[in-house]
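These notes are about the structure you will find just below.
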Amino acid sequence: MGQLNDQAAVVTGAGRGIGRAIALAFAGEGADVVCVDLQADFVQETVDAVRQRGRKAWAVAADVADAASVAAAAEQILKEPGRVDILVNNAGITRDGLLMRMTEADWDAVLGINLKGTYLMTKAFTRAFLKQRSGRIVNIASVIGLIGNAGQCNYAASKAGVIGFTKSVARELASRGITANAIAPGFIETRMTGALGEEARAALLKQIPLNCLGQPEDVAGVALFLASPAARYVTGQVLAVDGGMVM
Ligand code: NAP
């Protein structure tokens, strides 16, 4: 018996990195997983890996920043698997630059995917959560949304927004047994941090008490906890998974 036996989870940005690790962690605990990404073929490898764990998996294409695309994906998901118990809003991007040089396009792209995408996806499944009087919403924020970062004002604003959104949704939906929590990862080894040079990496390590970057599985373990029966009484929280960067 897994902790998530026969539950259906939706994970956005499931093709790689943290989203992929969450999909696999959930499948390992008995959940069926809808893997959402910009194109269905981007998540095929994750879908195959979920199926290898003996669970059902679906590849669903959606741009989380686009209302029509999210509506179509939600309609498809509510037909098959027909039920959603857990929603993980993980899809996210960076378009870094100092404020003085931050283009409107880079601002809009980051806010669109990271924050509006979280709103659109959550809204799309809220009616179903309310009807079944249960649901777990896990939003992937960032420590940057807590402490800010020079060169990432758009990203920091989007992730601070995700935290405020999560707390508001937690308050709105709590009376129906639905929880909403956020995870604030620090620096996790994925494509997003892969571009860091040696110097930046060394400077970064100085800020991390545990003295190493995190792995996608470190975030997945906390997402699994928040989706599991053990977190029944936890809502509106932000859990940092950051090697002690923010404390
Ligand atoms: P990643 O490896 O770049 O993966 C991001 C995933 O999101 C990719 O599968 C990407 O698809 C997908 N995606 C991007 N735009 C999308 C859209 N419009 N609609 C649907 N899916 C979309 O990044 P990651 O490091 O795993 O990041 C996952 C989440 O963790 C993000 O929200 C990120 O902000 C957050 N986070 C990461 C770190 C870190 O250190 N890595 C730290 C704090 C927070 P494509 O493959 O098609 O681009």
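The values are calculated or read from the model by the stated rules, or taken from the named source; none is laboratory data. As the structure is a prediction and not an experimental result, all values here were calculated from the model. Heads up, the Cβs are rebuilt from the backbone with ideal geometry, glycines too, and the neighbour counts pull from every protein chain shown.
Just wondering, is there one or more residues in the range 11-30 that are at pLDDT below 95, more than 12 Å from the ligand (Cβ to nearest atom) and within 24 Å of SER228 (Cα to Cα)? Looking for residues that are at pLDDT below 95, more than 12 Å from the ligand (Cβ to nearest atom) and within 24 Å of SER228 (Cα to Cα), one finds none in the range 11-30, hence no.
With respect to (1) buried (at least 22 other Cβ atoms within 10 Å of the Cβ); (2) under 18 Å from VAL234 (Cβ atoms), the lone exception for ALA124 is condition (2).
Looking only at residues in the range 73-96 that are over 18 Å from the mean Cα position of the chain (by Cα) and either closer than 17 Å to VAL10 by Cβ or away from the ligand (no atom under 16 Å from the Cβ) (or both), the one that is surrounded by the most Cβ atoms within 10 Å (Cβ to Cβ) is PRO81. Scanning the range 135-153 for residues that are without any contact (Cβ under 8 Å) to a residue 40 or more places away in the chain and either crowded, with 18+ Cβ neighbours inside 10 Å or within 15 Å of the chain's Cα centre (by Cα) (or both) yields a count of 2. Which one is nearest to VAL10 (Cα to Cα), of the residues in the range 225-246 that are more than 15 Å from the ligand (Cβ to nearest atom) and part of a helix (DSSP H, G or I)? Per the stated criteria, the residue is ALA227. Among the criteria (1) under 14 Å from the mean Cα position of the chain (by Cα); (2) buried (at least 20 other Cβ atoms within 10 Å of the Cβ), the one THR179 does not fulfil is (1).
Within the option set LEU213, LEU196, LEU204, being free of Cβ contacts under 8 Å to residues at least 12 places away in the same chain, of a type outside the set (Val, Ile, Thr) and within 13 Å of the ligand (Cβ to nearest atom) holds for one residue only, LEU196.
Of all residues in the range 13-27, those that are in contact (Cβ under 8 Å) with a residue 40 or more places away in the chain have Cβ atoms under 6 Å from Cβ atoms of residues that are among the basic types (Lys, Arg) and crowded, with 24+ Cβ neighbours inside 10 Å, 6 or more apart or on another chain, in ALA14/ARG20.
Scanning the range 33-72 for residues that are over 17 Å from the mean Cα position of the chain (by Cα), of a type in the set (A, V, I, L, M, F, W, C) and closer than 15 Å to LYS123 by Cα yields ALA67, ALA68, ALA71, ALA72. The single residue among ALA240, ALA227 that is over 19 Å from GLN152 (Cα atoms), buried (at least 18 other Cβ atoms within 10 Å of the Cβ) and of a type outside the set (Ser, Thr, Tyr) turns out to be ALA227.
Condition (residue is under 19 Å from VAL162 (Cβ atoms) and not in a helix (DSSP H, G or I)) applied to the range 215-224: is it met by at least one residue? Within the range 215-224, none of the residues are under 19 Å from VAL162 (Cβ atoms) and not in a helix (DSSP H, G or I). What do you reckon, is ALA156 under 22 Å from PHE187 (Cα atoms) and without any contact (Cβ under 8 Å) to a residue 24 or more places away in the chain? The answer is yes for ALA156.
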